[in-house]
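The values are calculated or read from the model by the stated rules, or taken from the named source; none is laboratory data. Everything quoted here is computed from the prediction, not taken from an experiment. Please note: Cβ atoms are built from the backbone with ideal geometry, for glycine as well, and neighbour counts cover all protein chains shown.
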Amino acid sequence: MVFENEAVHLPTVRQGSMVAFMSPSSGFKSEIGHRYQRARETIEDSGFDVIEYPTTCGQRDVGEAEAKARARDLSKAFRDDRVDVIIATIGGYRSNMLLSHLDFDEFRRNPTALVGYSDVTSLQLALYERADLVTFSGPTGLAELGEFPEPFEYTMDSLCDALLGNAVGPIEPAETWTDEFLDWSEKADLDRPRARRHNPGYEWLTPGAGTGPLIAANLSTLVTTPDQYVPDIDGEILLLEENAEISSVHQVEKLLWTLRQAGILQDISGLAFGRYAAPNSAAVNRLCSVLTDVTAPYDIPVVYGVDYGHTDPMITVPMGAEATLDAGSEQFRIEADVSQPVAEDSTN
């Protein structure tokens with residue numbers, strides 16, 4: 001097999017593939033174990049088998065020893081010939097602690113798809129840069145796949161399309177969305193579904209069109225990941241998200257200006273930002289103003305409100321896939337999917 005982009009590698013994922021749940025960023029409390037069990041059932045009901053490792057359901061331990069243990073389990077999952085997909089159970093704060101304990105040459109020899117977002121960004125950037133591996137920026141187990149009574153159909157459709165190589169085409173906005181929090185520890189999420197609101201769709205902030213490889217990342221994690229683990233950004237479409245519960249608009253503004261002062265924004269072909277808070281709220285209005293201001297010197301399309309990040313539902317996108325932002329046609333689309341191999345020409 002060879003790949004359309006020979007610098008990027010990923011096994012073929014099919015129905016019946018083995019999915020490993022991993023917790024590279026953080027463990028989770030036993031009180032929310034029902035979310036994990038639901039996530040397992042969701043994946044199994046979607047036609048995949050599931051395996052877990054010793055640190056998958058571990059508590060939220062900290063320190064170097066814990067980082068080494070999580071790195072060992074991640075490496076085991078990559079070496080396991082049965083595993084084609086790894087899904088992070090949840091985000092957190094410490095996946096960057098694993099980076100110095102990983103053998104990226106080993107990962108390159110054992111390509112496996114890693115799915116997650118938020119803090120998992122640091123691993124995804126490092127695997128793309130150091131091991132030439134496609135990863136998928138998409139849902140985690142507890143937050144999205146463990147949704148009760150079931151995950152958003154939009155989330156599941158996008159995840160399965162991406163994993164099975166069907167991501168090419170326009171990324172349409174979801175019809176509804178939510179950021180309501182029902183306390184998992186109190187199992188309030190079992191009482192009723194979260195309230196959903198109408199989704200007004202994308203807000204195109206600047207004109208123009210751009211095409212390039214897609215880099216999807218949590219903004220604060222991108223800024224704080226060491227340079228040696230971050231791919232060179234030159235002509236990419238940058239898709240960013242940030243957690244409104246953790247980072248205020250003022251903090252997001254500071255992070256975006258850090259990217260600009262590092263010369264990153266001047267080199268991209270377009271900028272998309274995931275839904276941050278309720279449409280037309282003061283926070284979103286301010287954020288859109290910041291996005292317009294920080295990209296003002298550059299002739300690139302900028303769009304806000306992609307179904308990506310810490311609200312639901314959310315898309316799944318392959319890192320490195322050729323993508324287009326076109327303000328004129330108001331489209332965000334995947335042009336070519338690098339996540340699936342093509343058969344090598346037998347005449348070569």
Collect the residues in the range 70-109 that are among the charged types (D, E, K, R), closer than 15 Å to P24 by Cα and assigned to a helix (DSSP H, G or I), keeping them in residue-number order.
R70, R72, D73, K76
Is it the case, given these coordinates, that E245 is within 20 Å of Y117 (Cα to Cα) and modelled with pLDDT under 95?
yes
Which ones in the range 186-211 are among the acidic types (D, E) and surrounded by 12 or more Cβ atoms within 10 Å (Cβ to Cβ)?
D189, E203
Quickly run through the range 199-237 and pick out the residues that are part of a helix (DSSP H, G or I) and of a type outside the set (D, E, K, R).
L219, S220, T221, L222, V223, T224, Q228, Y229
Can you spot a residue in the range 312-324 that is closer than 14 Å to L214 by Cβ, assigned to a strand (DSSP E or B) and polar (S, T, N, Q)?
yes
From the residues in the range 23-55 that are in a loop (DSSP other than H, G, I, E, B) and surrounded by fewer than 16 Cβ atoms within 10 Å (Cβ to Cβ), which one is modelled with the highest pLDDT?
P54
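Condition check ((1) modelled with pLDDT of 95 or more; (2) in a helix (DSSP H, G or I); (3) among the polar types (S, T, N, Q)) across all residues:
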{"position": "P111", "(1), (2), (3)": "no, no, no"}
{"position": "V115", "(1), (2), (3)": "yes, no, no"}
{"position": "D119", "(1), (2), (3)": "yes, yes, no"}
{"position": "S122", "(1), (2), (3)": "yes, yes, yes"}
{"position": "L127", "(1), (2), (3)": "yes, yes, no"}
{"position": "P139", "(1), (2), (3)": "yes, no, no"}
{"position": "F148", "(1), (2), (3)": "no, no, no"}
Determine which member of the set L240, L271, L291 is part of a helix (DSSP H, G or I), buried (at least 17 other Cβ atoms within 10 Å of the Cβ) and not charged (D, E, K, R).
L291
Can P341 be described as over 16 Å from G208 (Cα atoms), outside the structural domain of L205 (by TED's automatic domain parsing) and either surrounded by 20 or more Cβ atoms within 10 Å (Cβ to Cβ) or at pLDDT below 95 (or both)?
yes
Does G58 count as crowded, with 16+ Cβ neighbours inside 10 Å, modelled with pLDDT under 90 and either closer than 30 Å to T178 by Cβ or among the aliphatic types (A, V, I, L, M) (or both)?
yes
